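The values are calculated or read from the model by the stated rules, or taken from the named source; none is laboratory data. Remember, it's a predicted structure, so these values are computed and weren't measured experimentally. Backbone-built Cβ (ideal geometry, glycine too); neighbour counts: all protein chains shown. The accessibility values were calculated without ligands, DNA or RNA, using every heavy atom of the protein model including side chains. Shrake-Rupley method; radii C 1.70, N 1.55, O 1.52, S 1.80 Å.
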Amino acid sequence: MKVLVTGGAGFIGSNLVRQVLQESGDEVVNLDKLTYAGNLASIRDVENEPRHHFEKVDLCDAEGVRAVFEKHSPDHVIHLAAESHVDRSISGPGDFIQTNVVGTFNLLQASRDAWEGELDAHRFLHVSTDEVYGSLSTSDPAFSESTSYDPHSPYSASKAASDHLVRAWGDTYGLQVLVTNCSNNYGPYQYPEKLIPVVILKCLKEEAIPVYGSGENVRDWLYVDDHCRALRTVLEKGTPGQTYNVGGNNEMKNIELVQLLCGILDQSQPRPGGARHEDLIEFVKDRAGHDFRYAINASKIRDELGWEPLETAATGFRRTVEWYLGANEWLSSLGARG
């Protein structure tokens, strides 16, 4: 089959494109605007693969999106393209409304028009976030698919809006939609504004590691390859109209995560004089509207579709650190190393 992946030069998208091409015989139509977080260097190893078709298109360009459907006639869509950095959404929310809401609308319309008369033969998988559910206390149960939406940032509000649009296009027009809400991803090719690459690169540069507040905020961490397997599983086996939460079974406080990464780097890349990387930690003013805890109950995708994460804290974070230590060329393409 031929799958249209939006945001396929971004973090999760590039890993998904690579996984599909390496583990199946499917074709991929890779649609990406190539903003600051979309980088052709992230797909350099598969760019000349005959089953990979790249299209530089902005989802906000409705006619450009329609042209991609007319040119390639994709069988299914996995919609990953989004503005996703909470800090950027606070300082510049307009881009998030345009890309995440208007862009999703354009993609839904193009899919509906292209597949009209045979909607049952095609699937539209919308990839969202656990942040739409709001914040948990320490004692609250993990987010389930029936948790009420309660977004607190412009980013999560824009994603919640796009989730509702997708479900409405399924109910109203018969588009075969699926929605996934995932926890925090980590792994290779993540843009260096996110917590894990920030910690690694600050350690390598001998710079202060910024940690919001007291570092007590809790997140569930999902290795990106596990997430990509989940998306492929939902696309293939999921029930249209359903939502599937995807988590890593890997909750920890931000400060615990930073300390874990520092410990791995103490072994892999020792500091001069034997000092600890942990000594570089610097607590900074907390982020506005900073949700305290996210946690995912992923029992539905496990019980119904047979998916579970393979990576653990002991394996995934070490793999990630080692990848960044060997990613000089990729980091240089972003101007992020040195």
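Numerical summary
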read-out	value
Stretch gain in nm, segment ALA121-THR315, where the contour uses 0.36 nm per residue and the Cα spacing is subtracted	66.0 nm
Accessible-area ranking of ARG167, ARG302, ARG271, largest first, probe 1.4 Å	ARG302, ARG167, ARG271
Sparsely packed chymotrypsin sites (Phe, Trp or Tyr not before Pro) within segment 33-113, loop by DSSP, other Cβ within 10 Å at most 14	TYR36
C-alpha long axis of helix 154-173 to longest principal axis of the chain, angle in °	20 degrees
Expected 222 nm ellipticity per residue - DSSP helices of 4 or more, -39500 (n - 2.57), all of the chain, to 500	-12000 deg cm²/dmol
Solvent exposure of the chain as accessible area per residue, Å², 1.4 Å probe	41 Å²
GLU282/LYS253 FRET efficiency (R0 22 Å; Cβ-Cβ; nearest 0.05)	0.85
Full-extension gain in nm, HIS164 to LEU325, via 0.36 nm per residue minus C-alpha separation	54.0 nm
Cα gyration tensor category, rounded, prolate or oblate, for segment 238-298 with a/c compared to 1.5	oblate
Percent accessible area from carbon and sulfur atoms, the chain, protein chains only, probe 1.4 Å	46 percent
Environment charge of ASN217, counting only residues whose C-beta is closer than 13 Å and scoring Lys/Arg +1, Asp/Glu -1	-3
Among the listed pairs LYS202/LYS285; LYS33/LYS205; LYS202/LYS253; LYS253/LYS285, those beyond 21 Å (Cα-Cα)	LYS33/LYS205
Largest to smallest accessible area among HIS277, HIS290 [probe 1.4 Å]	HIS290, HIS277
Three-way shape label, the chain, alpha-carbon gyration tensor, a/c 1.5	prolate
Under 17 Å from the ALA62 label point (7 Å along Cα→beta-carbon), backbone N, segment 147-171	165-166, 169
